[in-house]
1. Within the group 162, 210, which residue is part of a loop (DSSP other than H, G, I, E, B) and more than 20 Å from residue 31 (Cβ to Cβ)?
2. Give segment 61-95 a look and list any residue that's within 11 Å of the ligand (Cβ to nearest atom), assigned to a helix (DSSP H, G or I) and in contact with a Phe, Trp or Tyr (Cβ under 9 Å, 6 or more places away or on another chain), or say none.
3. Which one of 155, 151, 204 is touching a Phe, Trp or Tyr at 6+ places or on another chain (Cβ under 7 Å), within 25 Å of residue 247 (Cβ to Cβ), at pLDDT 95 or above and not in a loop (DSSP other than H, G, I, E, B)?
4. Of everything in segment 124-144 that's crowded, with 19+ Cβ neighbours inside 10 Å and near the ligand (Cβ under 9 Å from one of its atoms), which residue is nearest to residue 93 (Cα to Cα)?
5. Filter segment 229-246 for residues that are in contact with a Gly (Cβ under 6 Å, 6 or more places away or on another chain), within 15 Å of the ligand (Cβ to nearest atom) and assigned to a loop (DSSP other than H, G, I, E, B) and give the result.
6. Could you tell me whether residue 98 is under 27 Å from residue 221 (Cα atoms), near the ligand (Cβ under 8 Å from one of its atoms) and surrounded by fewer than 22 Cβ atoms within 10 Å (Cβ to Cβ)?
7. Could you list, ordered by first residue, the pairs with Cβ atoms under 9 Å in which the first is in segment 108-121 and at positive phi and modelled with pLDDT of 95 or more and the second is surrounded by 15 or more Cβ atoms within 10 Å (Cβ to Cβ) and part of a helix (DSSP H, G or I), at least 6 apart or interchain?
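The values are calculated or read from the model by the stated rules, or taken from the named source; none is laboratory data. Source: prediction; values computed, not measured. Note: ideal-geometry Cβ built from the backbone for every residue, glycine included; neighbour counts use all protein chains shown.
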Amino acid sequence: MLNKIKIWKNQNNSSTLRDKIEEIKKLPVPEHVAIIMDGNGRWAKKRALPRVAGHHEGMKVVRKTTMLANELGIKTLTLYAFSTENWKRPKNEIDFIMKLPEEFLDTFLPELVENNVQVKMMGYKDQLPVHTLNAIEKAINETKDNTGLVLNFALNYGSRAEIIDAVKEVLIDYKSGIIDEKDLDEETFSSYLMTSDFSDPDLLIRTSGEIRLSNFMLWQLAYSEFWFTDVLWPDFREEHLLDAIESFQKRQRRFGGI
Ligand SMILES: CCc1cc(N2CCCCCC2)n2ncc(-c3ccc(F)cc3)c2n1
């Protein structure tokens, strides 16, 4: 009997989820969604597991979130996977995290290719382990002609460093006569950032109840809608992404106007 109830509930949940997806698809979805995937360590701690168990569980959620974002027609999904500040963590945790891209791609790259997903990365590559970078660059190369969702991983990324480096590049171009001060506007400055190929995020999602940006896309998020949830990233499910997008669709964005 209990088994039959579980089957009925699962069937019911999946039809509810399917209904909600169809409802969401009737209205414009955010073109660019950015997610700060927070709460992995706390998820593990709640279960008396090592922190790395939370990161591993969080990796599985990346796949399901990516597949749903692709199905909804979202153009770009940027995931904050490792910040420039994360190097302060214990070495064993960093070593584990730096193996996750290989594990993820070994398992899911065929599915990403099959679903027309394009993998990209933004961040400071020089400090990443070679094995991590090789795996990511292989995926970038194998998906470069795909035209579906752009899955953009922010790895060893820090927004203030990104802005400082952009200013340095502007100064170099100014001294070389490539640009003049009258040329420098928001659009021109944006072209010097790591996100020059992307539109600004329309929606930022942050999990685990933290309400701060943590040095993530500070320039690019100027006009983005924010959606915060107490849900820990390893517990983030399709319905949470749908809730965030439904909230976005109900908001009227004014970009400073009335
Ligand atoms: C190297 C930092 C890191 C951390 C991480 N975590 C740990 C923290 C956040 C939660 C998700 C799991 N994941 N999960 C997938 C990737 C990944 C990155 C690039 C790529 F091409 C394919 C997969 C990943 N990368």
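1. Going through 162, 210 in turn, just one is part of a loop (DSSP other than H, G, I, E, B) and more than 20 Å from residue 31 (Cβ to Cβ): 210.
2. Scanning segment 61-95 gives 61, 62, 63, 65, 66, 94.
3. Exactly one of 155, 151, 204 is touching a Phe, Trp or Tyr at 6+ places or on another chain (Cβ under 7 Å), within 25 Å of residue 247 (Cβ to Cβ), at pLDDT 95 or above and not in a loop (DSSP other than H, G, I, E, B), namely 204.
4. 132
5. 232
6. Against the criterion (under 27 Å from residue 221 (Cα atoms), near the ligand (Cβ under 8 Å from one of its atoms) and surrounded by fewer than 22 Cβ atoms within 10 Å (Cβ to Cβ)), residue 98 qualifies.
7. 116/70; 116/143
Yes/no per residue for (1) free of Cβ contacts under 8 Å to residues at least 24 places away in the same chain; (2) over 26 Å from residue 162 (Cα atoms); (3) hydrophobic (A, V, I, L, M, F, W, C):
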| position | (1), (2), (3) |
| --- | --- |
| 30 | no, no, no |
| 37 | no, no, yes |
| 43 | no, yes, yes |
| 47 | yes, yes, no |
| 59 | no, no, yes |
| 65 | no, yes, no |
| 76 | no, no, no |
| 83 | no, no, no |
